[in-house]
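Student: To start, I am sharing the structure in question, which I have written as structure tokens.
The values are calculated or read from the model by the stated rules, or taken from the named source; none is laboratory data. Small disclaimer: the values here were computed from a predicted structure and weren't measured. Glycine gets a Cβ as well: all are built from the backbone with ideal geometry, and neighbour counts include every protein chain shown.
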Amino acid sequence: MPSQILVVGSSNTDMVVKAEKLPAPGETVMGGSFLMNPGGKGANQAVAAARLLQPSAGGTVTFVAKIGNDIFGQQALSGFNSEGINTTYILTDMDNPSGVALINVDASGENCITVAPGSNANLQPAETEAALDAPEPDALVLLQLEIPLPTVDYVIREAAQRGFRVVLNPAPAPTQPLPADLFPHLFLITPNETEAELLTGIRVTDLTTAEQAAKKLHEMGVSNIVITLGSKGAYLYTADQQGQIVEVPPVKAVDTTAAGDCFNGALTVALSEGKSLSDAVAFACRAASVSVTRMGAQASAPYRHELDS
């Protein structure tokens, strides 16, 4: 039976405009197409994980979040239920609207994003307690940084104390330093190049600097490190295996908006099934490579049969 997965994070509605190029400051770009999709890093990762669970093996994905008392929140909740996600611990904020993200995507799939967090910024530490009391001791807890840092801090410490394996995707790039004594509570951290630089002060430009940043994170107390490198794959570092590069299948990218979220959701599913870190990263790379060939955030996440085939 796979371990339970608890995702704690944000839920947004993504408003996407796809055009030939991203606008420069003060510039208006014409000719784009518009899409409105469910998003938010936490929600994206929960949906990706739910779609990749083995249908016959069991396992559950529980999402902890806060949504507004509005149409965006109602649509998000309906979507989570349709994906088979346990929504018991999704709260409704009566004072703040649901989160919204404005996303521009260019012809090559690159994007820029502005987020209005709304109710996500009001998820309080105490509001996660019931969810943390529910899973079995071998559960995995997956977090990001689109909810308040005190809540992230609380969940990591409480989850580690309960014996859960904690995976932190430090995205969006942290705007303030994470507490130094928080890192030893992590089972795994999954920054991209930019996030790794902000955490370690080491600019990641190639495998050599990726290794240097990973070693620094290990010295800071993290047991296992995966630095995602976009089309170049992912760099895995553990105390036992040292470092290795895991490549991604070559694909033509259409929209990279939620590739990292898909990667983290897939990685957590593979770990919940008992796969080694190396195999879990390879599985996550395959999932992310499929997601970038499609438009949208949650809509781009593949299903398990697509990877198994």
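Student: Which residue out of 66, 41 is surrounded by 14 or more Cβ atoms within 10 Å (Cβ to Cβ) and in contact with a Pro (Cβ under 9 Å, 6 or more places away or on another chain)? It would help to see each step written out before you state the result.
Tutor: On the way: 66 fails: in contact with a Pro (Cβ under 9 Å, 6 or more places away or on another chain).
The match here is 41.
Student: If you don't mind, there's one more thing I want to ask. Which members of the stretch 118-136 meet the condition of being at pLDDT below 95 and part of a loop (DSSP other than H, G, I, E, B)?
Tutor: Start the filter on the stretch 118-136 by keeping residues that are at pLDDT below 95, which leaves 133-136.
Within the stretch 118-136, 134, 135, 136 meet the criteria.
Student: Which of (1) more than 18 Å from the chain's Cα centre (by Cα); (2) crowded, with 17+ Cβ neighbours inside 10 Å does residue 147 not meet, given it meets every other one?
Tutor: Evaluating residue 147 over (1) more than 18 Å from the chain's Cα centre (by Cα); (2) crowded, with 17+ Cβ neighbours inside 10 Å leaves (1) as the failure.
Student: Also, quick follow-up: Hey, among 78, 33, 56, which residue is over 16 Å from the mean Cα position of the chain (by Cα), at pLDDT 95 or above, farther than 23 Å from residue 172 by Cα and small (Gly, Ala, Ser)?
Tutor: Numbers: 33 fails: at pLDDT 95 or above; 56 fails: at pLDDT 95 or above.
Only one candidate qualifies: 78.
Student: Of all the residues that make up the stretch 92-117, how many are among the hydrophobic types (A, V, I, L, M, F, W, C), surrounded by fewer than 17 Cβ atoms within 10 Å (Cβ to Cβ) and assigned to a strand (DSSP E or B)? Break it down into steps so the answer makes sense when it comes.
Tutor: If we filter the stretch 92-117 for residues that are among the hydrophobic types (A, V, I, L, M, F, W, C), which is where we start, we get 94, 100-103, 105, 107, 112-113, 115-116.
Cutting the leftovers down to surrounded by fewer than 17 Cβ atoms within 10 Å (Cβ to Cβ) gives us 94, 102, 107, 112-113, 116.
Adding the requirement that they be assigned to a strand (DSSP E or B) leaves 102, 112-113, 116.
Residues that pass the stated criteria total 4.
Student: (1) modelled with pLDDT of 95 or more; (2) surrounded by 22 or more Cβ atoms within 10 Å (Cβ to Cβ): which one isn't true of residue 187, the others all being true?
Tutor: Of the numbered conditions (1) modelled with pLDDT of 95 or more; (2) surrounded by 22 or more Cβ atoms within 10 Å (Cβ to Cβ), the odd one out for residue 187 is (2).
Student: A follow-up question, please. Any chance you could count how many residues in the stretch 69-91 are of a type outside the set (A, V, I, L, M) and either touching a Gly at 6+ places or on another chain (Cβ under 6 Å) or assigned to a loop (DSSP other than H, G, I, E, B) (or both)? If you could, list the steps in order and put the result at the bottom.
Tutor: Start the filter on the stretch 69-91 by keeping residues that are of a type outside the set (A, V, I, L, M), which leaves 69-70, 72-75, 78-84, 86-89.
Those still in the list that are either touching a Gly at 6+ places or on another chain (Cβ under 6 Å) or assigned to a loop (DSSP other than H, G, I, E, B) (or both) too: 69-70, 83-84, 87-89.
Total meeting the criteria: 7.
Student: I would also like to ask the following. Of all the residues that make up the stretch 66-81, how many are farther than 17 Å from residue 121 by Cα and of a type in the set (Asp, Glu)?
Tutor: Qualifying residue count for the region: 0.
Student: Between a residue in the stretch 117-137 that is on the phi < 0 side of the Ramachandran plot and any residue that is in a helix (DSSP H, G or I) and among the charged types (D, E, K, R), which pairs come within a Cβ distance under 9 Å, given they are 6 or more apart or on different chains?
Tutor: Correct list of pairs: 125/153; 125/158; 128/158; 129/158; 132/158.
Student: Let me ask another. Looking only at the stretch 284-309, filter to residues that are hydroxyl-bearing (Ser, Thr, Tyr) and touching a helix residue (DSSP H, G or I) at 6+ places or on another chain (Cβ under 6 Å); which one of those is surrounded by the fewest Cβ atoms within 10 Å (Cβ to Cβ)? Working first, answer last.
Tutor: Initial filter on the stretch 284-309 (hydroxyl-bearing (Ser, Thr, Tyr)): 289, 291, 293, 300, 303, 309.
Filter once more, so that each one left must be touching a helix residue (DSSP H, G or I) at 6+ places or on another chain (Cβ under 6 Å): 291, 300, 303.
Working: 291: 31, 300: 25, 303: 14.
Per the criteria, the residue is 303.
Student: Among the residues of the stretch 229-240, are any farther than 21 Å from residue 205 by Cβ, at pLDDT below 95 and under 18 Å from the mean Cα position of the chain (by Cα)?
Tutor: Checked the stretch 229-240: no residue is farther than 21 Å from residue 205 by Cβ, at pLDDT below 95 and under 18 Å from the mean Cα position of the chain (by Cα).
Student: Same structure again: Got a number for residues in the stretch 1-52 being in a strand (DSSP E or B) and not aromatic (Phe, Trp, Tyr)? Talk me through it step by step, then tell me what you get.
Tutor: Our first condition is that a residue be in a strand (DSSP E or B); within the stretch 1-52, this holds for 5-8, 12-18, 33-39.
If we keep only those that are not aromatic (Phe, Trp, Tyr) as well, we get 5-8, 12-18, 33, 35-39.
Residues that pass the stated criteria total 17.
Student: Any residue at all in the stretch 94-116 that is modelled with pLDDT of 95 or more and over 29 Å from residue 295 (Cα atoms)?
Tutor: Yes, the stretch 94-116 contains at least one residue that is modelled with pLDDT of 95 or more and over 29 Å from residue 295 (Cα atoms).
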